[in-house]
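Heads up: the structure comes next, in structure tokens.
The values are calculated or read from the model by the stated rules, or taken from the named source; none is laboratory data. Keep in mind that what you see is a predicted model, and the values were worked out from it rather than measured. Here the Cβ is made from the backbone with ideal geometry for all residues, glycine too, and neighbour counts use every protein chain on show.
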Amino acid sequence: MDLGSWGARMSEAQKKQVQERLKNRLEKTYVLSFNKEESFFKEEDKLDAMSGATDSWGKNFAQGDSYKNVKENQLVQSQEFYGKQFLVKDKLQAIDWKMGSESKQIGQYMCFKATASIPTADLAWYNFSWSDLPQQTETKKDSTAVVNLEPEIPMTQVEAWYTIQVPVSHGPSEYWGLPGLILEVSAGNTVMLCSKIVMNPKTKLKIEAPDKGKEITKSDYRETVQGKMLEMRNNRGRGRG
């Protein structure tokens, strides 16, 4: 959790207290089901400790149920945005992994380290930040020159730990493409850690892609979200006027 300028005025004890109070909202539990070629990544529903209701905080910009097929290079993800259901169909995120020799033990599995640098927008295409919208600027009439600079593409440094003891190319969220199952990922201010693995469960897994919602690509979904948020910002501005 980034407390920003607000956190700069707090003591370490106060920061720890705030983080403990918000722990239930900041920590999520997901389940990754997989076979050799397919995987399904889904958040576990849990009760909000504060209200006793299912936590819907940030639901419009949270990752929906995600199906990946590594053989077909296919992503199918269910996304709900302001009450409308979308079915995002696209290729899997391309990741240029750099595999190293560093290793560590996670549970009973020996894991190896891999790193990658990925455009931040590609990892969080279902999320939204007000900074994604074009900034409102005033045009000066006496301007004599216009400078057009290509915006710098923000990148996220990713560190993953995978085990060849489970020889499948799956992983949580957008991550995949290593010679073993990814058990831990650190990306920006997010850490995903596998807490339990069940191999060959007694109940046969049925892994199917989501099939409800308006079909759309990742880039078109992102444009749809930004368009709606821009409309809301403009309406809010006119309301103040």
Seminar exercise, completed: Cβ pairs under 9 Å, 6+ apart or interchain, first in the range 204-233 and within 27 Å of K36 (Cα to Cα), second polar (S, T, N, Q) and assigned to a helix (DSSP H, G or I), ordered by first then second residue, are I216/T224
Exercise. Considering L92, L32, L75, L87, which residue is assigned to a loop (DSSP other than H, G, I, E, B), modelled with pLDDT of 95 or more and surrounded by 14 or more Cβ atoms within 10 Å (Cβ to Cβ)?
Worked result: L92
Exercise. Got a sec? Which of K218, K202 is at pLDDT below 90 and either crowded, with 19+ Cβ neighbours inside 10 Å or basic (K, R) (or both)?
Worked result: K202
Exercise. Can you spot a residue in the range 48-67 that is assigned to a strand (DSSP E or B), surrounded by 13 or more Cβ atoms within 10 Å (Cβ to Cβ) and either modelled with pLDDT of 90 or more or over 20 Å from the mean Cα position of the chain (by Cα) (or both)?
Worked result: yes
For this session: Take the range 113-127 and flag every residue that is touching an Asp or Glu at 6+ places or on another chain (Cβ under 7 Å) and modelled with pLDDT of 95 or more.
Result: K113, T115, A116
Exercise. In the range 98-133, how many are part of a loop (DSSP other than H, G, I, E, B) and under 27 Å from P210 (Cβ atoms)?
Worked result: 6
Exercise. Does any residue in the range 174-186 that is more than 7 Å from A160 (Cβ to Cβ) and without any contact (Cβ under 8 Å) to a residue 60 or more places away in the chain come within less than 8 Å, Cβ to Cβ, of a residue that is of a type in the set (D, E, K, R) and surrounded by fewer than 20 Cβ atoms within 10 Å (Cβ to Cβ) six or more places away or on a different chain, and which pairs are these?
Worked result: S186/E159
